[in-house]
Amino acid sequence: MPDVVVAVNGVPIVAIEQTQMNPSGHNIPQRFSFQVRAAEVGIPSILYYPEYARRTFSDPNVRYPQVRVPLAQKRLSRIFDTAALSVFWPTNPDNQLPDVRQNAHRSMANLVNALVSNAANPEPVVNLPEIRAALAEMDRVIATYSGRYRRNGSVRKLVPQGFPSATASSGVSVDPPNAAHLFRTSKFIDELAHLKREPSWAEVESRLGTREFTLRLAATANKARNDSEHPWPGYLTLLDILYLRTDTGRTALERSANLAYRLPIPMARFLSRANDSQPPTATHIVDTFADVIVLNDGVVAGKPIRGNAPAQACLSE
């Protein structure tokens, strides 16, 4: 759910998520799923956060942005023909903390006002000068920070030049984080061979085998050990859009590689939550986007493979 949806006469115009959290690490990617959902229903979206900032007065080190986010937003915008933006919360030069003075946020206000004003005489939002300016700022940030990322060894072993979909204007391909491991699908399937095959596994394995590669994200469980901890569900959607979707892939069925999710919780807990009439948000996101979910004691096919059928074990101990 976004923080704000701005509507005109009951029609949504833009969805907004905002945070003063410093932009490094996982604070920003965990919010990406709201922008995927907004794009799916044709609504522009804005993630408003600092380009750079320190964490607190006691910590003088400035943190810089996670460029996978604007890279993924630009790809999301192209796929769905809408605007999914990073807009950068100004940083106070006196203390390197997010600027909380009202007049510092004029650019953000002007952008939202342009979207609202366009509702009465709509033209494609990408033609608005304010949208073009925001996209140019995203390009500047990507170019500035894209060279800071280490290569992912599992990716470069199989795709030496990196994923072309994540290539910055500098020519650098920004790899997935090290929590993501790229396998040949045959090897990924082999690593599950010690588990007991349920009747549904043959179809799952067949569908996985149509794609040469599988990208598996290793997540962390929450304290209750019944669901995912942040930021992993949001990060899963980012990996899907930035690295795996085809250029016209508006659904999770349209991928160039499989997407797997490793969640260290008991399978029974995941199944109980996934099959609830109103699944918890984190469970719903994972089940909706992952082709397979690898749990402590088994494997479950996600909705891209099983459709709307109830979740059930396809491999088990």
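The values are calculated or read from the model by the stated rules, or taken from the named source; none is laboratory data. Every value quoted in this text rests on a predicted model; they were computed, and no experiment measured them. FYI the Cβ positions are ideal-geometry reconstructions off the backbone, even for glycines, and counts take in every protein chain you see.
Just one of the listed residues (ALA83, ALA53, ALA72) is within 21 Å of ASN178 (Cβ to Cβ), among the aliphatic types (A, V, I, L, M) and either crowded, with 24+ Cβ neighbours inside 10 Å or modelled with pLDDT under 95 (or both), namely ALA72. Does segment 117-127 contain at least one residue that is under 30 Å from ALA282 (Cα atoms), in contact with a strand residue (DSSP E or B) (Cβ under 6 Å, 6 or more places away or on another chain) and touching a residue at least 24 places away in the same chain (Cβ under 8 Å)? Within segment 117-127, none of the residues are under 30 Å from ALA282 (Cα atoms), in contact with a strand residue (DSSP E or B) (Cβ under 6 Å, 6 or more places away or on another chain) and touching a residue at least 24 places away in the same chain (Cβ under 8 Å).
Looking for something hydrophobic (A, V, I, L, M, F, W, C), out of contact with any Pro (no Cβ under 7 Å at 6 or more places or on another chain) and more than 21 Å from TYR64 (Cβ to Cβ) - is there at least one such residue anywhere in segment 141-151? No, because not a single residue in segment 141-151 is hydrophobic (A, V, I, L, M, F, W, C), out of contact with any Pro (no Cβ under 7 Å at 6 or more places or on another chain) and more than 21 Å from TYR64 (Cβ to Cβ). Taking segment 7-39 as the range and being over 25 Å from TYR145 (Cβ atoms) and either surrounded by fewer than 19 Cβ atoms within 10 Å (Cβ to Cβ) or not assigned by TED's automatic domain parsing to the domain that holds VAL62 (or both) as the test, the residues that pass are ALA7, VAL8, ASN9, GLY10, VAL11, PRO12, ARG37. For segment 227-240, the tally of residues that are in a loop (DSSP other than H, G, I, E, B) and touching a strand residue (DSSP E or B) at 6+ places or on another chain (Cβ under 8 Å) stands at 2. Out of TYR64, TYR48, report the one residue that is surrounded by fewer than 23 Cβ atoms within 10 Å (Cβ to Cβ), at pLDDT 95 or above and of a type in the set (Phe, Trp, Tyr). It is TYR48.
Being outside any loop (DSSP other than H, G, I, E, B), among the hydroxyl-bearing types (Ser, Thr, Tyr), in contact (Cβ under 8 Å) with a residue 60 or more places away in the chain and crowded, with 16+ Cβ neighbours inside 10 Å is the requirement here; does TYR243 meet it? Criteria met by TYR243. Restricted to helices (runs of 4 or more DSSP H) entirely inside segment 106-176, those with at least 2 residues that are under 19 Å from ILE16 (Cβ atoms) are 106-118, 129-145. Of the set (1) in contact with a strand residue (DSSP E or B) (Cβ under 9 Å, 6 or more places away or on another chain); (2) at pLDDT 90 or above, all apply to SER24 but (2).
As a summary of the residue check, ALA168 satisfies the conditions (1) outside the structural domain of HIS284 (by TED's automatic domain parsing); (2) at pLDDT 95 or above; (3) under 19 Å from the mean Cα position of the chain (by Cα) except for the one numbered (2).
Taking the criterion of being part of a loop (DSSP other than H, G, I, E, B), at negative phi and touching a residue at least 12 places away in the same chain (Cβ under 8 Å), the residues of segment 42-84 that qualify are ILE43, PRO44, GLU51, TYR52, PHE57, TYR64, PRO65, GLN66, VAL67, THR82, ALA83.
Residue-by-condition table, conditions (1) in a loop (DSSP other than H, G, I, E, B); (2) surrounded by fewer than 24 Cβ atoms within 10 Å (Cβ to Cβ); (3) charged (D, E, K, R):
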| position | (1), (2), (3) |
| --- | --- |
| ALA252 | yes, yes, no |
| LEU259 | no, no, no |
| ILE265 | yes, yes, no |
| ARG269 | no, yes, yes |
| GLN278 | yes, yes, no |
| ALA282 | no, yes, no |
| VAL286 | no, no, no |
| VAL300 | no, no, no |
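Here ALA224 does not qualify as small (Gly, Ala, Ser), farther than 16 Å from PHE188 by Cβ, in contact with a Pro (Cβ under 9 Å, 6 or more places away or on another chain) and part of a loop (DSSP other than H, G, I, E, B).
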